[in-house]
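This report refers to the structure that appears directly beneath it.
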Amino acid sequence: MASSLHMSKAAVDGMANYLGRRVSGGKLRIYDGEQPANADRGTTGQILLVEFSPLPDPAFEEAEIGKLEGRELEPTRAAGTGKATWYRVLTNSGTPLWDGSVGKSDCDMNISDIEIFKGAEVSIEMWEHLVPR
């Protein structure tokens, strides 16, 4: 029989808020290159462009129907040069939690300029995570 799993609002909000709490005090890294197949895989030559650390506590607003919206982060200076394509969120101990897409619009994270140069200031316009219902 095929799966017909459906999650309640309370369930997806609970899971999302749990993830949001795990990220507080953690790290947000933006990379160039190809995003790994999943967040458990390490990087393989991608350049770390910028790291936001530590993330605020709380790092996200309370979830609404499984959607976490990241709180505003202070601009940070880039550590590398490249084209931003994906990001990874880690706990404060460095455990990866999830990855997402980076672009100018319609991505998991939107930034004003995906062409990043070492030493330049990088600002995030929007970042979010959705636990599927």
Inset, instruction - Using just the helices of the chain, give the 222 nm mean residue ellipticity in deg cm²/dmol: DSSP H runs with n ≥ 4 each add -39,500 (n - 2.57), and the total is spread over all residues, rounded to 500. - result: -3500 deg cm²/dmol
Inset, instruction - Just tell me which aspartates and glutamates come within less than 15 Å, Cα to Cα, of K118; anything on the same chain fewer than 8 places away is out. - result: D32, E51
Inset, instruction - Output the peptides 60-66, 46-52 sorted from most to least packed, where packing is the average of other Cβ atoms within 10 Å over each peptide's residues. - result: 46-52, 60-66
Inset, instruction - Let me know the charge dipole size of the chain about its Cα centre in debye, to the nearest 20, where only the beta-carbon of Lys, Arg (+1) and Asp, Glu (-1) is charged. - result: 400 debye
Legend entry - Calculated diffusion of the chain, Stokes-Einstein form, Kirkwood radius summed over Cα pairs, 20 °C and 1.002 mPa s, µm²/s: 141 µm²/s
Inset, instruction - Please give the FRET efficiency for E128 paired with M1, using the beta carbon to beta carbon distance and R0 = 30 Å, rounded to the nearest 0.05. - result: 0.35
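Based on the alpha-carbon gyration tensor of the range 1-73 and its eigenvalue square roots a ≥ b ≥ c, which shape applies: rounded if a/c is under 1.5, prolate if not and a/b is larger than b/c, or oblate?
In terms of gyration-tensor shape, oblate.
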Legend entry - Burial ordering of D99, D113, fewest other beta-carbon atoms within 10 Å first: D113, D99
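Values in this text are rule-based calculations from the coordinates and carry no lab data. Bear in mind the structure is a predicted one, so any value in this text is a computation, not a measurement. As a convention, Cβ positions derive from the backbone with ideal geometry for all residues, glycine included, and neighbour counts pool all protein chains shown.
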